[in-house]
1. Does segment A:82-91 contain at least one residue that is more than 14 Å from B:L175 (Cβ to Cβ), surrounded by 17 or more Cβ atoms within 10 Å (Cβ to Cβ) and more than 8 Å from chain B (Cβ to nearest Cβ)?
2. What number of residues within segment B:139-166 are in contact with a Leu (Cβ under 9 Å, 6 or more places away or on another chain) and among the aliphatic types (A, V, I, L, M)?
3. Taking the residues in segment A:112-163 that are surrounded by fewer than 18 Cβ atoms within 10 Å (Cβ to Cβ) and in contact with a Phe, Trp or Tyr (Cβ under 8 Å, 6 or more places away or on another chain) as candidates, determine which candidate is farthest from the other protein chains (Cβ to nearest Cβ).
4. Residues of segment B:160-174 being open to solvent by less than 20 Å² (accessible area, probe 1.4 Å) and more than 9 Å from chain A (Cβ to nearest Cβ), which ones?
5. Within the group B:L204, B:L210, B:L240, which residue is open to solvent by 20 Å² or more (accessible area, probe 1.4 Å) and either assigned to a helix (DSSP H, G or I) or not aromatic (F, W, Y) (or both)?
6. May I ask you to say which residue of B:P177, B:P250, B:P195 is open to solvent by 50 Å² or more (accessible area, probe 1.4 Å), away from every other protein chain (no Cβ under 14 Å), out of contact with any Pro (no Cβ under 8 Å at 6 or more places or on another chain) and not basic (K, R)?
7. Here are A:E187, A:E218, A:E182: which of them is assigned to a helix (DSSP H, G or I) and open to solvent by 20 Å² or more (accessible area, probe 1.4 Å)?
8. Quick one: which residue in B:A149, B:A127 is under 19 Å from the mean Cα position of the chain (by Cα) and more than 9 Å from every other protein chain (Cβ to nearest Cβ)?
Amino acid sequence: MRLRLDGVVKRFDGVTALDGITLSLSGARSIALIGPSGGGKSTLLRVLAGLELPDMGGVEIDGVPLPTDGESLIRYRRGIGTVFQSYNLFPHLTALENVTLPLVQAHGYAKEAANRYAMELLDRFQLSSHAGKRPYELSGGQQQRVAIVRAVAIKPRFLLFDEPTSALDPEMTAEVLDLIAELRAQERELIIVTHEMGFAKRVADHGIFLGSGRIVEEGPAAALFETPQSPELKAFLGKVLKY
Amino acid sequence: MSRRRFQILFARSRGNHEEIPRFGRAVGVTSALFLLALVLSFAFSRLNYGWNWEAVYQYRRMFVSGWLITLAISAASLAASLVIGLAAALSHRSPFLPLRYLGKIYVEFIRGTPLLVQILVFFYVVADAFGIGNRYLVGTLTLAFFAGAYISEIIRAGIESVGESQLDSARAIGLTPYQTYRYVVFPQVMRRILPPLAGQFASLIKDSSLLSIIAVSEFTLNAQEVNAFTYSTMESYLPLALGYLALTLPISMLSKYLETRYRYAS
C-alpha cells in the first residue's frame, strides 16, 4: 500500500497524541507500529481506521485522501478490517452472528449467503465448532481469532491490528499471532500495533517507531530491529528485549 | 451424614453462585410457609371479629369489575410508560440541549414528588385546563408519566452499560449510528433492563390503587365502597390483597426467570 501522512496532529482534551506525523511509504505490505505506551501508535492506527479525524494535517492512502464527512467515513471503514485489543465481539451474538452482522448490514449479503460464507471461513480457521457459541463461552484467544475472521470476511483492502494480543496469556498470544502470520503469508496487507517485538520483526517488512506523538525512526523492519540508529529506539529495544 | 443434614437447611454459596438441592428447597419453602401460617393463624385466632363473608360476597361483581379495570389501566399505562420512558431516555442523549434538560427536569420532578400529588395536580389542574374530562384517561396518563420517569432511568442506565469499546467495534465494522442502536445497543439494553423493568411494572400495578382518589372505580376504590356498604373491612380488603398478588406475582416470577435466562458475562 501507499501511505502519505503530512503533518498529522491529534489532540485529546489538550493532550497531544500525534504531534506532526509526516511519512511517505510505498510498497510496504505489512507495517509494524512500535513504541512506548502513550507514544501515539494506537491513535495513528485509529486515524488510519477512520475512527479518529486528525485535527490538522492530511492522510492519503493509495493516493486517495481520507474522507472527513460522516457518510464517506462509514463507507471508508467498511473497506477496512480493524481488530482491537479486546472486546471486539458483541456479547449478545454468537461467533457466527458476529461474523455475519457486518456482511448483512454493511455489505449487502443475503442472510443465507452470509451464513454459508461465514461458516466456510470459520471452518478454514478451525473455529467452526465454536460458531454457535457466545463470546463468554470462548477463550480470549478464540475471541480474537473470531474477531480476525470477522475482519477478513469483508475482503478488506487492508487489515489493522491494535495490540491484538495485549490482553492474552502467552499460549493464546501464540495462536492469534500464528493466525496473523498466516494472513501475512497470504500476501494480505496489514498494519499492526504490537508489543511483541519478535513477532513484529518476523511479519513486518516496514517498521515505524513512535515516541511522544512523533516518528522517531522508521525503515525496513530488518534494519530497524537489527541496527537501530536513534538512542530512543536503542533504549526501547534494550528494555523490551531484556527479558 | 451431618453434612447432608446441614445441606437440607442451608444454602452453600461460593461468591455469587449458590447451590440449593431440590429437597432443601422444598423443605425451606414448606417450613417458611408453615411459620407464616402459624403466626397469622395465631393473630387471626386472637382477633375478636365477626366474619361476614356473605355480605361481601353479594358485591363480588364489584371486585371483578374493579380488578378488570385495574388490569386494563395498568396494561395501558404500562405500554404508554414504555414509550414515554424511551423518549425521555433518548432525550438525555440529545444534542439539542433544551430537549435534554426538559428530559432531566421531567425525571427529577416526577421522581421527587408523591404520586398522590401528581394525580391531584394532573386531574384538577392540567387535565382541566386542557379540557380532558375522562378520569380514566387522565389516570392512565398520570400513571404512565409517573412510571415513565423511572423507566427512563432504567433504559438510560442500560444504554450507558453498553461499553465504549463495543461502540468502537460497531463503528469499525462500518455500521451507521442507526444500525448500531438497532443491532448492537438495543438488543443488549433489552436483556439487561428486563428484570428491573418487570419490577417497575409490578409497582405500577400497585400504584394504580391511588387513582381511587380521583374516583376511578378500579379495584381499590371498589373494595373501599364494598367496605362502606357492608362494614366488613377485613372481608373487603383481604380479597383486594389477593387480587393484586394475582397480578404482581406472575410479573415477579417472570422477572426472576428473565434474570437467570439472560445472565451472561459481557
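1. yes
2. Of the residues in that region, 7 qualify.
3. Taking the candidates together, the pick is A:Y117.
4. Hit for segment B:160-174 is B:V162, nothing else.
5. Values: B:L204 fails: open to solvent by 20 Å² or more (accessible area, probe 1.4 Å); B:L240 fails: open to solvent by 20 Å² or more (accessible area, probe 1.4 Å).
None of the other options fit; the residue is B:L210.
6. Details: B:P177 fails: away from every other protein chain (no Cβ under 14 Å); B:P195 fails: open to solvent by 50 Å² or more (accessible area, probe 1.4 Å).
None of the other options fit; the residue is B:P250.
7. Working: A:E187 fails: assigned to a helix (DSSP H, G or I); A:E218 fails: assigned to a helix (DSSP H, G or I).
Unique residue meeting the criteria: A:E182.
8. Numbers: B:A127 fails: under 19 Å from the mean Cα position of the chain (by Cα).
One residue alone meets the criteria, B:A149.
The values are calculated or read from the model by the stated rules, or taken from the named source; none is laboratory data. Since we're looking at a predicted model, the values are computed, not measured. In this analysis, Cβ positions are derived from the backbone assuming ideal geometry, glycine residues included, and neighbour counts consider all displayed protein chains. Please note that ligands, DNA and RNA were not included when accessible areas were found on the heavy atoms of the full protein model with its side chains. Shrake-Rupley method; radii C 1.70, N 1.55, O 1.52, S 1.80 Å.
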